[in-house]
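K.L.:
After the structure tokens below, expect a handful of questions from me.
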Amino acid sequence: MTGPPRVTKAVIPAAGLGTRFLPATKASPKEMLPVVDQPAIQYVVEEAVRAGLDDVLMITGRNKRPLEDHFDRVVELEHQLEAKGDAAKLALVQEASELATIHYVRQGDPKGLGHAVLAAAQHVGQEPFAVLLGDDLIDARDPLLELMIEVQAREGGSVVALMEVPHEAISLYGCAAVEAVDGGAGGDVVRITGLVEKPPVDEAPSDLAVIGRYVLSPTVFDVLRTTPPGRGGEIQLTDAIETLIATEPVHGVVFRGRRYDTGDRLDYLKAVVQLAADREDLGPPLVAWLSEWLAARA
Ligand code: G1P
């Protein structure tokens, strides 16, 4: 007997224009902004691979060539490093091209996150699949996607990652109304009864924000085909999942680990400092310098 289809594919929308980071993103994609010494997008692909998903589809658009180049081989550079005997740098260069099988499809018109995900329909087919948004980085030490895939295998339907945020911040996110389920791992698994994209603070049904990780049933594609533009005039993934609730189970996994937001400038700077501070090679000297520098400013 064959069981329900397994999640094997990850979809990474990367067609956004990155206007919050202009002029840095005028000629190069925001996904290539370095977080310490690695482009943001590589953390996301690594996360998918850690969760067992090594078939990755990136939804791209114009100006996204550097993404394809980053995950491709650079034979001349590899030869040069080999000739120099620089094995450490060679490994770093090769790492990105050996991580996963990466496919690319262009979104065409950027009509919103839901529209971007719909561009994955043909590649994904009839299996549940994961969606990872590049602006949210999840710390490699705090598993989330693995847990979501387990919940999807057990409950079917779709699973959305949620995180409690300060009440005033909820209007920056998709927001979930939830109810408890029996046996949810320490209360971290909930049933989602409603979803609303970026509600005004006083209309938000909870402080549980949708963070950028989803494991979705392929029926979401049928729904997306008829989902009208929502908040901001864009076709919203949140609205399509809200529609799914009527016909399929939709669960939330409440994440309590470390998440870094690289989608806005201040949060991006915080992410770089936090991740560098945790690194063995850079952390100790960086933290020592930061403390001295802050003391000198006080
Ligand atoms: C998107 C989603 C939103 C979600 C957020 C997480 O919004 O539409 O529901 O909460 O990602 O980062 P964006 O930040 O792209 O505007």
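The values are calculated or read from the model by the stated rules, or taken from the named source; none is laboratory data. Note that the coordinates shown come from a computational prediction; the quantities given were computed from them, not determined experimentally. We place every Cβ from the backbone using ideal geometry, glycine too, and count neighbours over all the protein chains shown.
K.L.:
For His70, indicate whether it is exposed (fewer than 15 other Cβ atoms within 10 Å of the Cβ) and modelled with pLDDT of 90 or more.
P.N.:
The answer is no for His70.
K.L.:
Within segment 51-62, is there a residue that is modelled with pLDDT under 90 and more than 16 Å from the chain's Cα centre (by Cα)?
P.N.:
For segment 51-62, residues modelled with pLDDT under 90 and more than 16 Å from the chain's Cα centre (by Cα): present.
K.L.:
Name the pairs: first residue in segment 20-31 and farther than 15 Å from Thr60 by Cβ, second residue in a helix (DSSP H, G or I) and of a type outside the set (Gly, Ala, Ser), Cβ to Cβ under 6 Å, at least 6 apart or on different chains?
P.N.:
Phe21/Lys30
K.L.:
I've got another one for you. Working only within segment 52-71, note down all residues that are assigned to a loop (DSSP other than H, G, I, E, B) and over 18 Å from Asp37 (Cα atoms).
P.N.:
Gly52, Leu53, Asp54, Gly61, Arg62, Asn63, Lys64
K.L.:
Can you tell me which residue among Val105, Val93, Val159 is out of contact with any His (no Cβ under 6 Å at 6 or more places or on another chain), surrounded by 15 or more Cβ atoms within 10 Å (Cβ to Cβ) and closer than 22 Å to Thr227 by Cβ?
P.N.:
Unique residue meeting the criteria: Val105.
K.L.:
While we're looking at this one, here's another question. With (1) crowded, with 22+ Cβ neighbours inside 10 Å; (2) closer than 30 Å to Val272 by Cβ as the list, and Gln152 as the residue in question, which single condition is left unmet?
P.N.:
All conditions pass for Gln152, except number (2).
K.L.:
Among the helices (runs of 4 or more DSSP H) contained in segment 214-298, which hold 2 or more residues that are away from the ligand (no atom under 15 Å from the Cβ) and closer than 25 Å to Gly16 by Cβ?
P.N.:
Qualifying helices (runs of 4 or more DSSP H): 219-225, 265-277.
K.L.:
Among the residues of segment 111-167, write down those that are within 11 Å of the ligand (Cβ to nearest atom), touching a helix residue (DSSP H, G or I) at 6+ places or on another chain (Cβ under 7 Å) and not in a strand (DSSP E or B).
P.N.:
Of everything in segment 111-167, those that are within 11 Å of the ligand (Cβ to nearest atom), touching a helix residue (DSSP H, G or I) at 6+ places or on another chain (Cβ under 7 Å) and not in a strand (DSSP E or B) turn out to be Leu113, Gly114, Val117, Gly134.
K.L.:
While we're looking at this one, here's another question. Within segment 4-19, can you find the residues that are in contact (Cβ under 8 Å) with a residue 12 or more places away in the chain and exposed (fewer than 12 other Cβ atoms within 10 Å of the Cβ)?
P.N.:
Hit for segment 4-19 is Pro4, nothing else.
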